[in-house]
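Notes follow once the structure below has been shown.
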Amino acid sequence: MLFRAPVVQIKRLTLSVLCLFVPAAMGNPATADSRQSSPQQIEQVSVEQVAQYVAKHAYEQAEQLTLLSIEKAKQGNIRSPYTFFQLGTILQNADRYQSSNQALRLALEQYTQLGELNMVSRTLLALGTSEHHLAKYASASNYFHRARSIATMQGDGAFEAEILMQLGIMQKEQGEIEQALATLKSALALFRQQQMLHRISACLANIGDVYLTLSYFSDARRYYEDAFAMAQTLESAALQGDITAKLGAVELREGQTSRAIDLFNQALLLLHQDGDTAATSETKMLLGEALVKHGDTQAGLTLLNNSYGYALQTNRHPLIKQTRLALANAMLAIQDFDQALKYAQNGTLHAREVSDIRSQMDFLTLQVNAYAAKGDFRKALDIQSVLQSIREKMLQSENQAVIGRLQAEVELERQSQALQMLKKTKAMELAQAEHRHLATTLAWSISLAAVLTLFLIWGRFKQRQQNIVLRREVRQATVQLENKNSELENAYKTLEQVSLRDTLTGLYNRHYLESQLPAEIKRSQFAIRQNKEGVKANQDLLCLLIDIDHFKRINDDFGHIAGDKVLVKFSQILREVFRQTDLIIRWGGEEFLVVCRQSSKQELPELAERCRAAVAESTFDVNADTPIQVTCSIGFSVLPPHHNTQFDENWQQTFALVDYCLYAAKLSGRNGWVGVTDSSSQRKASPSSLPIDKKFNFSQSKIATSFNNIASITWPDE
């Protein structure tokens, strides 16, 4: 499960920049030179019309009017860059980033020509925000750094802090976690210097996002709680709602699903007061993810699909990424593996386009799980190899960065030593020039020798310290590599576990049966051959094929989620009826296969009746007005029917036999069992007339059934 990118404040940050800085820089455009008042009034009307269209959600008309204004500007009819700055920010707040960029670039060009650096920096920040939303991180970073250079040059600490916070948010999304944390903490220090309480709260929340990405839940919660306390002081419903959603994300990551759902609902109530559609959509995405994990799959998928549609419509790439992750996990939970693969593959392609390595790893992990669940283990292992390669490259890159920093520190120390040596040499030359007497020269020589000795000792000491630091860094890198290898081993174990277990019921699947059954049959055959007088007690293998009656009707009447609940409860009943040493297999759909090891074939009727009765006496909760009753039909046989054949022939014949018996039980009225307790292939003078003996070439078989008698059994047609 993954937490949303912290872009919810980006729209509010732009509004804050406008409110805090633009009036001071520009003043009121209406107060400009009276000779230009009429054109400016006309331009202001265009801005107001665009704002009205946006308020009515008529975004296409707003964009068309903006593009018309840009065309007029190229013809010389509009001269105020502030007009296009306003149009760009209005469209940006409406998530219309492509058209917003066109207006902002024109404003930047005009402000640059006028030399108005203050507004150049504000426009650069707005452009960087739009590029950030469009996942064009390289150009966004360029705009942010250019804006920061101007803010630093002008000594505008408040605006520089805004830029740093935007830059830190983007770095976190790109996976540059350490750099993002350093950038955000620098922004926090500047906000505190300026005593900007609202921005301090927002910055604390963004730092919490970084710690949540690192899974440092206690640190993330501490920053969120500090931010929330400050938001309460400011009485900001929007900020309180956003931070409440973040606290819910912490609970969701820690597995406290019910608590997370409560926090997300509280956040939605607060955000509704502010009317922020983007923040509301992101919170609903988190709520949908929590509901799916809580078992309310339909409601959760509805919220996730709505958020995904909004993200695609507004082209909000961070929200698209997080919603794809949530939808892929939800599809895995409901066993729609093809749809899960579709979301994971699209997410991988997009993450690769924007060079988001961490997101690539998340989506590739989902692909591994989906292919493994489908039984396509070759593709799963191929993708696992790609995933491990990315991890190794990432670790190598991090190690190179560490070594680079160490080399830079060593070079700095070497230059410092050279500078100290130069200073000592200068001092010696001055001493020789001033004191030419032999005795004085000798004294200075002795002093210089002592200083050089101390310098050499100090240099050796520093070199030793540097070697200790380097060894420590190498040890840390080794430990990290060992941890990565351990993670890979755990991933392979998880892959093996997924390949042998049914994801819904937790029972073993066919792959596990095929790996265990040959050895069990050989053991049973060996025991029989060792005892020529007769089979020892409890040396037989028993095979029961169990099918839920009218299961399709349950799905049709109550839905597939109800059917899944019936399957889970049915598997629990089977665990209670049979022993822990018995092999309980989900054979497919509503069919279950049980292989009882070290048992006696005389126990078959008793086991079948115990299973039938346990199912019939149980109630199944499917979220209907009242629980429902479910019955089952059972076919059984000893495994194998003959102990002198090979495994493949044994298994095929046994499964065909128990399937035939199961079908007979269903044709005979269901809620019962039919099976073979003994059979022989040796031909007798008077062959059996039973259909089962004719079909399987038995001379005489012993039939057991829960129905009135053998004559009441309706056998399937051959």
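We did not get these values from a lab; they are worked out from the coordinates using the rules stated. Remember, predicted model here, so these are calculated numbers, not experimental data. Methodologically, a virtual Cβ is constructed for each residue, glycine included, from the backbone with ideal geometry; neighbour enumeration extends over all protein chains shown.
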Inset, instruction - Run down the aspartates and glutamates and flag those whose C-alpha is under 17 Å from the C-alpha of residue 462, throwing out any fewer than 8 positions away in its chain. - result: 409, 411, 413, 473
Legend entry - Two-decimal Rg/Rh across the stretch 510-712, once Rg and the Kirkwood Rh are taken from alpha-carbon atoms: 0.99
Inset, instruction - Could you please report the charge total around residue 340, scoring K, R as +1 and D, E as -1 over all other residues with beta-carbon less than 11 angstrom from its beta-carbon? - result: +1
Inset, instruction - List 376, 625, 95, 242 from most exposed to least, where exposure is judged by having the fewest other Cβ atoms within 10 Å. - result: 625, 376, 95, 242
Legend entry - 123, 348 arranged by Cβ crowding within 10 Å, fewest neighbours leading: 348, 123
Inset, instruction - Would you mind putting 279-289, 176-186 in packing order, based on average other-beta-carbon counts within 10 Å, highest first? - result: 279-289, 176-186
Legend entry - Listed pairs 56/136; 522/601; 293/321; 601/702; 246/342; 552/702 exceeding 22 Å between Cα atoms: 56/136; 246/342; 552/702
Inset, instruction - Could you please report the charge total around residue 602, scoring K, R as +1 and D, E as -1 over all other residues with beta-carbon less than 11 angstrom from its beta-carbon? - result: -2
Legend entry - Added length on full extension, which subtracts the Cα-Cα distance from 0.36 nm per residue, residue 699 to residue 49: 224.7 nm
Legend entry - Backbone HN-Hα couplings from phi across the stretch 262-271 [Karplus 6.51/-1.76/1.60, Hz, Gly and Pro as x]: 4, 5, 5, 5, 4, 5, 5, 4, 5, 5
Legend entry - Whole-number percent relative contact order across the stretch 510-712, with pairs defined as alpha carbons under 8 Å at least 6 apart: 21
Inset, instruction - First check a/c for the stretch 254-401, with a ≥ b ≥ c the square roots of the eigenvalues of its C-alpha gyration tensor; if it is under 1.5, answer rounded, and if not, answer prolate when a/b is larger than b/c or oblate otherwise. - result: prolate
Inset, instruction - If a/c stays under 1.5 just call it rounded; otherwise compare a/b with b/c (prolate if a/b is bigger, oblate if not). Do that for the stretch 116-182, with a ≥ b ≥ c from the square roots of the Cα gyration tensor eigenvalues. - result: oblate
Inset, instruction - With both partners inside the stretch 510-712, how many of the DSSP beta bridges are antiparallel, as a percent to the nearest 5? - result: 85
Inset, instruction - Given a cut-off of 24 Å, name the pairs among 284/484; 379/565; 172/484 whose C-alpha atoms lie farther apart than that in the structure shown. - result: 284/484; 379/565
Inset, instruction - Please report 626, 277, 654 as a ranked list, fewest other C-beta atoms within 10 angstrom at the top and most at the bottom. - result: 626, 277, 654
Inset, instruction - Give me the distance between the Cα centres of the stretch 269-305 and the stretch 603-620, rounded to whole Å. - result: 43
Legend entry - Amide hydrogen neighbours beyond the local backbone of residue 699, cut-off 5 Å, H modeled: 680, 681, 682
Inset, instruction - Just order 602-611, 449-458, 361-370 by mean Cβ neighbour count inside 10 Å, highest at the front, would you? - result: 361-370, 602-611, 449-458
